[in-house]
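Visitor: Just dropping this structure here.
The values are calculated or read from the model by the stated rules, or taken from the named source; none is laboratory data. Please read all numbers here as calculations on a predicted model, not as lab measurements. Backbone-built Cβ (ideal geometry, glycine too); neighbour counts: all protein chains shown.
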Amino acid sequence: MRKPLSLLLVEDEALIALNLKIGLERAGFAVNAVLATGEKAVERMDQEPADLIVMDIRLAGTMTGIEAARRIRNRHPVPIIFMTGFTREDYGPEIDELGPSLLLNKPVTSESLANAIEEIRG
């Protein structure tokens, strides 16, 4: 049996974040932290790295999810699942440059997110 993945959930809409956290934990994943800004995600990964990041592209604060992912990836080779209400054409090329990652269109359910995690996990 595989060890549970530790996840960092970065979503600035509190109700969405809570719903996803509960669903992911029910699916057997360990959600280490739920954060609302890219700045806090970068800081948290330096202090306590997670196995995988689930990150919204548009976040509170000044840093986008893509910029946070670039900064994190410079120090931690972690897969990232991005969530967005925008289209693949808006962010696809930037996300593809970042390496192992997936893009899910909102609204994202806990089930679709759990499936994406398993897909990226291999």
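Visitor: Which ones in segment 98-108 are surrounded by 12 or more Cβ atoms within 10 Å (Cβ to Cβ) and in a loop (DSSP other than H, G, I, E, B)? Quick ask: steps written out before the conclusion?
Guide: Going through segment 98-108, the residues surrounded by 12 or more Cβ atoms within 10 Å (Cβ to Cβ) turn out to be 98-106, 108.
Leu98, Gly99, Pro100, Lys106, Val108, listed by residue number.
Visitor: Regarding segment 13-20, can at least one residue be identified that is of a type outside the set (Val, Ile, Thr), within 18 Å of Arg121 (Cα to Cα) and free of Cβ contacts under 8 Å to residues at least 24 places away in the same chain?
Guide: Looking through segment 13-20, none of the residues is of a type outside the set (Val, Ile, Thr), within 18 Å of Arg121 (Cα to Cα) and free of Cβ contacts under 8 Å to residues at least 24 places away in the same chain.
Visitor: Could you go through segment 63-70 and let me know if any residue there is touching a strand residue (DSSP E or B) at 6+ places or on another chain (Cβ under 7 Å), surrounded by 13 or more Cβ atoms within 10 Å (Cβ to Cβ) and free of Cβ contacts under 8 Å to residues at least 40 places away in the same chain.
Guide: Yes, some residue in segment 63-70 is touching a strand residue (DSSP E or B) at 6+ places or on another chain (Cβ under 7 Å), surrounded by 13 or more Cβ atoms within 10 Å (Cβ to Cβ) and free of Cβ contacts under 8 Å to residues at least 40 places away in the same chain.
Visitor: Could you tell me how many of the residues in segment 94-105 are over 14 Å from Asp51 (Cα atoms), under 13 Å from the mean Cα position of the chain (by Cα) and not hydrophobic (A, V, I, L, M, F, W, C)?
Guide: Total meeting the criteria: 1.
Visitor: Taking Ala41, is it touching a strand residue (DSSP E or B) at 6+ places or on another chain (Cβ under 6 Å), closer than 13 Å to Ser110 by Cβ and free of Cβ contacts under 8 Å to residues at least 60 places away in the same chain? First the steps, then the outcome.
Guide: Working: touching a strand residue (DSSP E or B) at 6+ places or on another chain (Cβ under 6 Å): yes; closer than 13 Å to Ser110 by Cβ: no; free of Cβ contacts under 8 Å to residues at least 60 places away in the same chain: yes.
For Ala41, the condition - touching a strand residue (DSSP E or B) at 6+ places or on another chain (Cβ under 6 Å), closer than 13 Å to Ser110 by Cβ and free of Cβ contacts under 8 Å to residues at least 60 places away in the same chain - is not met.
Visitor: Right, something else. Can you tell which of Ile95, Ile120 is in contact (Cβ under 8 Å) with a residue 60 or more places away in the chain and either part of a strand (DSSP E or B) or in contact with a strand residue (DSSP E or B) (Cβ under 6 Å, 6 or more places away or on another chain) (or both)?
Guide: Criteria check complete, one pass: Ile120.
Visitor: Still on this model: Hey, could you check segment 77-97 for residues that are modelled with pLDDT of 80 or more and surrounded by 15 or more Cβ atoms within 10 Å (Cβ to Cβ) and say which is farthest from Val31 (Cα to Cα)?
Guide: Thr84
Visitor: Right, here's the next one. Sort through Glu119, Glu111, Glu25, Glu48 and tell me the only one that's surrounded by 13 or more Cβ atoms within 10 Å (Cβ to Cβ) and among the acidic types (Asp, Glu).
Guide: The match here is Glu25.
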